[in-house]
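So the structure is just underneath, and the comments pick up after that.
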Amino acid sequence: MLAVIPSGEILGATIAGLDLSRPLNDADFAAVRRALGAHGVLRFPNQQLTPRQLVDFSARFGKLEINVANSYQEPGLPQIMILSNILENGKPIGMSDAGQSWHTDMSYSKTIAFANVLYGIKIPRRDGKTLGNTEFCNMHAAYDDLPDDLKRKLDGKTVLHDFNKFWEMMRREKGSKRPPLTEAQRRQKPPVSHPIFLTHPLTGRKVLYANPGYSMRINELPEAESDAILALLFAHQTQPKYRYAHVWEEGDLMLWEDIGTIHNAVADYASHEHRLIKRCQVMASDFGEDFAQP
Ligand code: SIN
């Protein structure tokens, strides 16, 4: 019997009583989707999943992305991206620095992300403390709290998002060993624009859809004004009052929605403190042109 246990914080709930290695029945699927709308970030503890079962569970929520940074796919299952700092025979088995700054996945894409599904296989610990949290901020609340005059000013405006912004920031500021994107990768993901406010497909409420990782420019404003307002929005949306931190346990399956949240993978562990997570990304293909441009 499924139980939804809210975190009591601004985001987050634990879903108890489900074995995700088995297909969800329609009633449980509907309950999980409702909980996703209500809490944004869901934890399913104590799961034991094969890669195939991870893909099957994720695909219940929509079409799965095959990521443009495709060197770390699960063999035979390109829908799974491996996030890890583990080396095997001196070679990385996964992407070691994915998501280590505030962003939401695939805002740089014509079809944006609806949800992320992450399965925690190895979680680093030091002195009894779990490391490598994933932090989230609530974009329903961030929108609600914007001053009315700013809401009116930005209503109907669009934001340009670029995959390369996050990539280059990781190389420049975080000492990432990522090589620059190739021309072919850049052509695959050219910058795209989306409305700055979206009506969330699960809640019917407005959210702020901009993020420090990928958002470049408010298209309809002069550059200096766009820069100033984006800086204000980035500071606003990442305030501690909107934050929720997920502390991982091995066997956690995390499902979060990407339209009403932004997230940050906390890089507080060393290279010998191993983290291994397998991730699927569900695209927002089913929600109309604000979410999936032709
Ligand atoms: C991501 O941005 O999807 C990665 C999050 C994490 O590894 O905690």
| query | For residue 176, which of the numbered conditions (1) among the small types (Gly, Ala, Ser); (2) out of contact with any helix residue (DSSP H, G or I) (no Cβ under 9 Å at 6 or more places or on another chain); (3) surrounded by 11 or more Cβ atoms within 10 Å (Cβ to Cβ) fails to hold? | reply | (2)
| said: On the basis of being at positive phi and at pLDDT below 95, does residue 204 make the cut? | reply: no
| query | Scanning region 85-110 for residues that are hydrophobic (A, V, I, L, M, F, W, C) and part of a loop (DSSP other than H, G, I, E, B), which turns out surrounded by the fewest Cβ atoms within 10 Å (Cβ to Cβ)? | reply | 93
| field | Output for region 218-244, where each listed residue is loosely packed, with under 15 Cβ neighbours inside 10 Å and among the aliphatic types (A, V, I, L, M) | value | 224, 228, 231, 232, 235
| request: Mind telling me which of the residues 166, 136 ends up being modelled with pLDDT under 95 and within 12 Å of the ligand (Cβ to nearest atom)? | output: 166
| message | If residue 50 meets every condition in (1) surrounded by 17 or more Cβ atoms within 10 Å (Cβ to Cβ); (2) hydroxyl-bearing (Ser, Thr, Tyr); (3) at pLDDT 95 or above apart from one, which number is that one? | response | (1)
| message | So in region 89-133, with the set limited to residues that are charged (D, E, K, R) and either modelled with pLDDT under 95 or at negative phi (or both), which one is nearest to the ligand (Cβ to nearest atom)? | response | 105
| field | Complete set of residues in region 17-39 that are assigned to a loop (DSSP other than H, G, I, E, B) and either under 18 Å from residue 55 (Cβ atoms) or of a type in the set (Asp, Glu) (or both) | value | 18, 19, 20, 21, 22, 23, 24
| task | Only residues that are assigned to a helix (DSSP H, G or I), more than 15 Å from the chain's Cα centre (by Cα) and farther than 17 Å from residue 276 by Cα: list them for region 54-69, please. | result | 56, 57, 59
| Does residue 82 qualify as being modelled with pLDDT of 95 or more, within 14 Å of the ligand (Cβ to nearest atom) and over 20 Å from residue 263 (Cα atoms)? | no
| query | Is at least one residue of region 148-160 more than 12 Å from the ligand (Cβ to nearest atom), more than 26 Å from residue 199 (Cβ to Cβ) and more than 22 Å from the chain's Cα centre (by Cα)? | reply | no
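The values are calculated or read from the model by the stated rules, or taken from the named source; none is laboratory data. Computed from a prediction, not measured in an experiment: that's the story for all the values here. Here Cβ is always computed from backbone atoms with ideal geometry, including for glycine, and neighbour counts include all displayed protein chains.
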